[in-house]
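Chemist: Here it is, the structure in full.
The values are calculated or read from the model by the stated rules, or taken from the named source; none is laboratory data. Only a predicted model underlies this, so the values are computations on that prediction, with no experimental measurement involved. Reconstructed Cβ throughout: ideal geometry from the backbone, glycine too, with neighbour counts over all protein chains shown. The protein model used for the area step is the full one, side chains on, heavy atoms only, and it has no ligands, DNA or RNA in it. Shrake-Rupley method; radii C 1.70, N 1.55, O 1.52, S 1.80 Å.
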Amino acid sequence: MKRLYIIAIAAFSMIVMTAKPVQAQEGNTMGILNYSMSVPVGDITDYVNDFSWRGFNLDVRYFVSDFVSFGVVSGWNVYNSSSEGNISEVFTINDAQVTITGKQYRFLNVVPILATAYYYLEAEGMVRPYIGAGIGGYYVESNTEMGLYSVTDSHFQFGLAPAIGVLIPAGYSHINMGLTYNQAFGTSNAEGVGTLNFNFGIAWGLD
Amino acid sequence: MNRVKIISALLVVLGLSGCYPKGAEYADDLDLVATIKGNDVDYDKYQTYFLADTVMFVKDNESDVLRPGLQDLILNQIASNMNAYGWTRISNPAIDTGAALITATVINTTQVVSGGWWGYWGGWWGGYYPPGGGYYPGYPGGCCYTYYEYTTGSLVVDMIDPSDSGNGGPGLQPLPLLWGGVANGLVTGSDQSINIRVQKGINQMFWDSPYLDKN
């Protein structure tokens, strides 16, 4: 996961390096690099429940009109929790009762890969509130560590991401502030993952 | 302008890569204790135990020796817990043939991990995935080389019934396990800190096995 992480950061950085002043109107493409803070919600809080300050995403939007954009968004958020002290897990192996005690560390990595659509309430040059949604898949990797051992589990899960936000003109760029609810739906062998993401980023023109 | 962009991109890479959440920070954070309750064992059948007077030492480095004092510490801690649980220690198993036999084994294994660039990043993050695919703790690897060596130690405590005929059949057969405990962790730190961790590990084995308590 960490290797994927640094490759993704490097790729995003390369995109940023090719950036141009933003024009967010019909026919233009805009990239937004967001710092993404988030909090897990729903059943997944049984696994990790700490607020996460670690995350980012790259949101690319193509404006099909002055008020509508389609695009893709991907990024990474990591959540973690650790036990206050030792905890014990009791389970059965070959009908024998096994108890394991130690400190436990849990990590949850979430990588959304979503197609997006946004509607803007104001035209370019104004403060532009927007609403929209993403649809696509989430790569979800959980890693539980106890002692010198770890167990990793990963799934690709379908999901939705309704979002609201605002683009604020700032010189040649825009500042983005947004709120996204990500819901990766559970499957027969994977738990659903819900997160509320607070995005704060800077937009560049990409064409 | 390009230089500013390149520097900005590098700062993004360095800044974000340094914020991956950390796991264990200290050696004792990695201590793990596991116990196994034998299948269908009637512990009421056993009231006495015989504790083997030697701790077996299994190691992958021929020059390693069990540190002086560690054997006594292990045996005394096991006996203390067994006695506290109401078991009676015997010294001659030939007389009390119904006693459970308890053995202790220390297993030390040295791990060596080296790698290239990825190994460096993994180590820096307190990484968990060496090139071979196993798990290793995040030991500092220095700034410019990727070499990790650490020793893991396990204390295995077994309780068996020497009068049991085992699984039957010809030849030597393993005796069924009545109860087993394993304390596993990194062999690092001062002798005193390791002693404390060993004692805690043994105590934890018994706390996790209340079915052994005869009180």
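Chemist: Starting from the alpha-carbon convex hull of chain A, give the projected area averaged over all orientations, in nm². Walk me through the numbers on the way to the answer.
Modeler: Values: hull surface 50.6 nm².
In nm², the orientation-averaged hull projection of chain A is 12.6.
Chemist: Another question about this same structure. With solvent modelled as a 1.4 Å probe, how much accessible area in total do chains A and B shield from it at their shared surface, in Å² to the nearest 100? Before the final figure, lay out each step's value.
Modeler: Numbers: alone 11090 and 13120 Å², together 20630 Å².
By this definition, chains A and B bury close to 3600 Å².
Chemist: On to the next question. Among residues other than B:Asn203 whose Cβ falls under 15 Å from its Cβ, what is the net charge (Lys/Arg +1, Asp/Glu -1)?
Modeler: Value of the local net charge: -2.
Chemist: I've got another one for you. Note down the net charge around A:Ser69, summing +1 for each Lys or Arg and -1 for each Asp or Glu among other residues with Cβ under 12 Å from its Cβ.
Modeler: -2
Chemist: Find out how many positive minus negative residues lie around A:Gln25, taking Lys and Arg as positive, Asp and Glu as negative, among other residues whose Cβ is under 12 Å from that of A:Gln25. Walk me through the numbers before you get to the answer.
Modeler: Values: positive: A:Arg61, A:Arg128; negative: A:Glu26, A:Asp66, A:Glu122, A:Glu124, A:Asp207.
Residues close to A:Gln25 contribute a combined charge of -3.
Chemist: Could you sort A:Ser52, A:Ser150, B:Ser91 by accessible area so the largest value comes first, with the probe set to 1.4 Å?
Modeler: Sorted by accessible area, descending: B:Ser91, A:Ser150, A:Ser52.
Chemist: A further question on this structure: Is it possible to state the helix-based mean residue ellipticity at 222 nm for chain A, with each DSSP H run of 4+ residues giving -39500 (n - 2.57), the sum divided by total residues, to the nearest 500 deg cm²/dmol? What is it?
Modeler: -2500 deg cm²/dmol
Chemist: What does the accessible area of B:Leu101 come to, in Å² to the nearest 10, when a probe of 1.4 Å is used?
Modeler: 40 Å²
Chemist: For helix A:2-17, what angle does its Cα long axis make with the longest principal axis of chain A, in degrees from 0 to 90 and rounded to 10?
Modeler: 10 degrees
Chemist: Return the subset of B:Lys59/B:Lys200; B:Lys45/B:Lys214; A:Lys103/B:Lys22; A:Lys103/B:Lys200 for which the Cα-Cα distance in this structure is over 18 Å, preserving the input order.
Modeler: B:Lys59/B:Lys200
Chemist: Would you mind working out the accessible area per residue for chain A, using a 1.4 Å probe, and quoting it in Å²?
Modeler: The answer is 45 Å² per residue.
Chemist: While we're looking at this one, here's another question. Would you kindly find the accessible area of A:Phe56, with a 1.4 Å probe and non-protein molecules such as ligands, DNA and RNA excluded, rounding to the nearest 10 Å²?
Modeler: 10 Å²
Chemist: Only Cα pairs within less than 10 Å get springs; with that Gaussian network setup on chain A, which residue of A:Leu108, A:Leu148, A:Leu33 has the largest fluctuation?
Modeler: The residue with the greatest mean-square fluctuation here is A:Leu148.
Chemist: Right, another one. Ignoring ligands, DNA and RNA, what percent of the accessible area of region A:25-86 is carbon or sulfur (1.4 Å)?
Modeler: After summing per-atom areas, the C and S share lands at 52 percent.
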